[in-house]
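The values are calculated or read from the model by the stated rules, or taken from the named source; none is laboratory data. Just so it is clear, the model here is predicted, and its values are computed rather than measured. Note: ideal-geometry Cβ built from the backbone for every residue, glycine included; neighbour counts use all protein chains shown. In case anyone asks, the SASA skips ligands and DNA or RNA and just uses the protein heavy atoms, side chains included. Shrake-Rupley method; radii C 1.70, N 1.55, O 1.52, S 1.80 Å.
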Amino acid sequence: MNNLYSPAYVKKIFKKYNFRYKKKLGQNFLIDKNINEKIIEAASISKDDVVIEIGPGLGNLTQILCENAKKVISIEIDEEFKQIHEDILHYDNLEIIYDDFMKVDLNKILEPFNKEEVKVVANLPYYITTPIIMKLLEEKYPVNKIVVMIQKEVAERFASPPGNKDYGAITLAINYYTETHYAFTVPPSVFVPRPKVSSAVVVFDVLDKPKYRVYSEEVLFNVIKGAFAKRRKTFVNSLSSTFPEYDKDSIVKTLEHFDLNKSIRGEKLSLEEFVKISNYLMEMIH
Ligand code: SAM
């Protein structure tokens, strides 16, 4: 019988297929049924949903997704799972693509679907959490909800306020594109092999329209990236040395215009302030 929630069964599968988990691909398998069900609940999965899953691994979460969603498209980089999937995952509504998520053309995959019906649900490989989330947000795919399990520490960073040491470009991107909430914490004991740190499930509701009126998203995100490129420098120095097209004088004038101290660091600025600054700079320079 297929019981991917039994450590003994999982061990048997590993042995039968001579499978050795690959640390460098972030392979920690979640073998707790209750937690997988809580993920389905946090994502409010129903028979109207098309789900993109990143990294199905053995298929623990995949099978619950298939039982609850209309369609599941899973993308797995490790082709060693192919035979295991063929033997143990038998669902008509499941399609598995063996490729690197960072390289797949998600627009093409999602072409037949509407934004309202598409969700991304995944227990993410931790070595690549930030690039995956940035890809999902910046490329503006037709996805309305993203529910991911990530390291607890990273989940906390996503919710950190300006001035906190963990505040950074990704916090601002998440804040700009989504409404985010921390769903629940997951202990290392429910994984095989056990990771060293705790994990957390985070829900991102992708906004139809960003929270602020921005003249150019490209300028906004250049200003944000420039501000955090050299954390120990002031906002003026970091931005002007990363992007020379923003000259020091214009940046200082912009800060003065908004009554901000010219020696302020980027990490003290809120998303709203970044929006105001980038809009003003855009008017002045472009
Ligand atoms: N979903 C399974 C579970 O919950 O037990 C496995 C989760 S495991 C944390 C991460 C999975 O992502 C592994 O199966 C790994 O091979 C896969 N993976 C790693 N890098 C990937 C990438 N760039 N694209 C697609 N899958 C990837």
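The sum of -39500 (n - 2.57) across all DSSP H runs of n ≥ 4, divided by the residue count of the chain, sets its helix-only mean residue ellipticity at 222 nm to -11500 deg cm²/dmol.
Of the two radii for the chain, the radius of gyration is 1.04 times the Kirkwood radius, both from the alpha carbons; that is the Rg over Rh value. Against the chain, whose longest principal axis is taken from its Cα atoms, helix 33-42 shows a tilt of about 40°. Taken over the alpha carbons of the range 33-164 as equal point scatterers, the Debye sum produces base-10 log I(q)/I(0) values at 0.15, 0.17, 0.20 Å⁻¹ of -0.71, -0.91, -1.27. Taking the chain as a Gaussian network of alpha-carbon nodes connected by springs under 10 Å, the highest mean-square fluctuation of the residues VAL143, VAL197, VAL121 belongs to VAL197. Model label sites at LYS15 and SER263, defined 7 Å from Cα along the beta-carbon direction, differ in position by 6.7 nm. Among the listed pairs LYS103/LYS140; LYS233/LYS253; LYS47/LYS119; LYS196/LYS230; LYS119/LYS209, a Cα-Cα separation exceeding 21 Å is found for LYS196/LYS230. Rg/Rh, computed from the Cα trace of the range 217-285 with Rh as the Kirkwood radius, has the value 0.89. Dipole size of the range 7-206 about its Cα centre, with +1 on Lys/Arg Cβ and -1 on Asp/Glu Cβ: approximately 900 debye, rounded to the nearest 20.
Inter-label distance, LYS103 to ASP87: 2.7 nm, where each label sits 7 Å from its Cα along the C-beta direction. Once the mean of 1/r is taken over each pair of separate Cα atoms and inverted, the range 129-269 shows a Kirkwood hydrodynamic radius of 16.7 Å. Applying a DSSP loop filter and a limit of 16 other Cβ atoms within 10 Å to the chymotrypsin sites (Phe, Trp or Tyr not before Pro) in the range 120-220 leaves TYR212, TYR215.
Loop-only trypsin sites (Lys or Arg not before Pro) in the range 175-227, please: DSSP not H, G, I, E or B, and at most 11 other Cβ atoms within 10 Å. Here the sparse-neighbourhood loop sites are LYS196, ARG213. Scanning the chain for GluC sites (Glu not before Pro) in DSSP loops with at most 13 neighbouring Cβ atoms within 10 Å leaves 140-244 as the longest stretch between them. Inter-label distance, LEU25 to GLU153: 2.5 nm, where each label sits 7 Å from its Cα along the C-beta direction. Amide hydrogen proximity for VAL118: with H placed 1.01 Å from N in the peptide plane, the residues at 5 or more positions away or on another chain lying under 5 Å are VAL50, ASN144. Heavy-atom accessible surface of the chain, averaged per residue, reaches 49 Å², computed with a 1.4 Å probe.
In order along the range 5-10, the phi-based Karplus estimate (6.51 cos²θ - 1.76 cosθ + 1.60, θ = phi - 60°) of 3J(HN,Hα) comes to 9, 9, x, 5, 5, 4 Hz; Gly and Pro are listed as x. Taken over the range 1-110, the convex hull of the Cα atoms encloses 109 Å³ per residue. With respect to the chain, whose longest principal axis is taken over its alpha-carbon atoms, helix 248-257 is tilted by about 90°.
Among the trypsin sites (Lys or Arg not before Pro) within the range 88-170, which fall in a DSSP loop and have no more than 14 other Cβ atoms within 10 Å of their own Cβ? Here the sparse-neighbourhood loop sites are LYS103, LYS140, LYS165. Couplings 3J(HN,Hα) for the range 123-140, derived from phi with the Karplus relation 6.51 cos²θ - 1.76 cosθ + 1.60 (θ = phi - 60°), are 9, 6, x, 5, 5, 9, 3, 5, x, 5, 5, 5, 4, 4, 7, 5, 7, 6 Hz, where x marks Gly and Pro. Extension gain for the segment LYS135 to GLU272, taken as residue separation times 0.36 nm less the Cα-Cα distance, is 47.1 nm to one decimal.
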